[in-house]
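Presented below is the structure to which this report refers.
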Amino acid sequence: MAGFLDRAKEQAQRGLTQGKQKLDEVQAQRAGSDLLKSLGAAYYAERRGTGSPDATQRALQALESHIATHGDGFLRA
């Protein structure tokens, strides 16, 4: 009986770990998408004359930092 409970506990722990990894992945993709949207908005504002090159550069740097940390998988999704 103890062996069964140990296996069940191990399997449950593995499921929790996989769920946490998937959640982290989804959150990173959403954050990347938000940063990409911010870059687009900054660029659009700059082109219309209501934004600044500095704002566009900051948005680009934030996106590049995110890509360096989490990869660029969200660009293909």
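The values are calculated or read from the model by the stated rules, or taken from the named source; none is laboratory data. As the structure is a prediction and not an experimental result, all values here were calculated from the model. Glycine gets a Cβ as well: all are built from the backbone with ideal geometry, and neighbour counts include every protein chain shown. With ligands, DNA and RNA removed, areas are computed over all heavy atoms of the protein, side chains included. Shrake-Rupley method; radii C 1.70, N 1.55, O 1.52, S 1.80 Å.
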Requested in this report: Please specify each residue of segment 56-77 satisfying the condition of being β-branched (Val, Ile, Thr) and surrounded by 13 or more Cβ atoms within 10 Å (Cβ to Cβ).
Outcome: 56, 67
Requested in this report: Considering only segment 1-55, state which residues are more than 24 Å from residue 74 (Cβ to Cβ), part of a helix (DSSP H, G or I) and open to solvent by less than 50 Å² (accessible area, probe 1.4 Å).
Outcome: 3, 8, 15
Query raised in the report: What are the residue pairs meeting all of these: first residue in segment 32-57, first residue touching a residue at least 40 places away in the same chain (Cβ under 8 Å) and more than 27 Å from residue 71 (Cβ to Cβ), second residue open to solvent by less than 100 Å² (accessible area, probe 1.4 Å) and assigned to a helix (DSSP H, G or I), Cβ atoms under 9 Å, and 6 or more apart or on different chains?
Result: none
